[in-house]
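These notes concern the structure reproduced below.
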Amino acid sequence: QIVLTQGGGGDLISRESYNNFELQLQWKIAEGGNSGIFFHADESDLPIYIHAAEIQILDDARHPDNKQTNRRSGSLYDLIAAPPSSQKPAGEWNLVVISYHNGHLQAWQNEVQTVDIDLHSKAFMQLVANSKFADWPGFAENVAGHIGLQDHGDVVSFKNLKIRALGQAQ
């Protein structure tokens, strides 16, 4: 189990860089907490969220980001809202599976699918254009990168992390 007990430790990123992958982990957030799971993160001098998309981790009942459905837990942050049936209260363990294969991103939280989109599609580009990321050069454009667990300053726990590289399409 990995526990961020206070902010300032920094984001935790994988040693390896991944293109196609499947990630499975469990997370638990403290009351009022916020964190996230990033993928295709780079090691630029910019913060991790500038280029890497995020599956949100949130106390949906108490954190102010709950006012926008696409910022609640399990969502592709600020882009695609996770169904409320996928969300558990703060303090409970949540199971997340994220699969990325040749541009196709899928995510499940607590066995409910929360994301299913091609990141190279016009639909995805339109979501980005209508989000806070519209004017962020390079956002979600990396074809490979690190998996990152966010230090947002709140207590968050992770366990049973498993990353599996997936092959390329033939």
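The values are calculated or read from the model by the stated rules, or taken from the named source; none is laboratory data. Remember, predicted model here, so these are calculated numbers, not experimental data. Virtual Cβ from ideal backbone geometry, glycine too; neighbours counted across all protein chains shown. What goes into the accessible areas is simple: the full protein's heavy atoms, side chains included, and nothing from ligands, DNA or RNA. Shrake-Rupley method; radii C 1.70, N 1.55, O 1.52, S 1.80 Å.
Things to note:
- Test: Ile2 is aliphatic (A, V, I, L, M), open to solvent by less than 30 Å² (accessible area, probe 1.4 Å) and over 26 Å from Val128 (Cα atoms): no
- Total residues in the range 41-64, condition touching a residue at least 40 places away in the same chain (Cβ under 8 Å) and over 18 Å from Thr114 (Cβ atoms): 7
- Boolean, Asn160 is over 15 Å from the mean Cα position of the chain (by Cα) and either more than 22 Å from Leu25 (Cβ to Cβ) or charged (D, E, K, R) (or both): no
- Hits in the range 138-166 - residues which are more than 21 Å from Asn19 (Cβ to Cβ) and open to solvent by 60 Å² or more (accessible area, probe 1.4 Å): His152, Val155, Asn160
- Considering Asn34, Asn20, the condition of being of a type in the set (S, T, N, Q) and closer than 18 Å to Tyr77 by Cα is satisfied by Asn34 alone.
- Screening Phe39 with (1) within 30 Å of Gly167 (Cα to Cα); (2) modelled with pLDDT under 95 gives one miss only, at (2).
- Residue among Ser99, Ser85 that is open to solvent by less than 40 Å² (accessible area, probe 1.4 Å) and either touching a residue at least 60 places away in the same chain (Cβ under 8 Å) or not in a loop (DSSP other than H, G, I, E, B) (or both): Ser99
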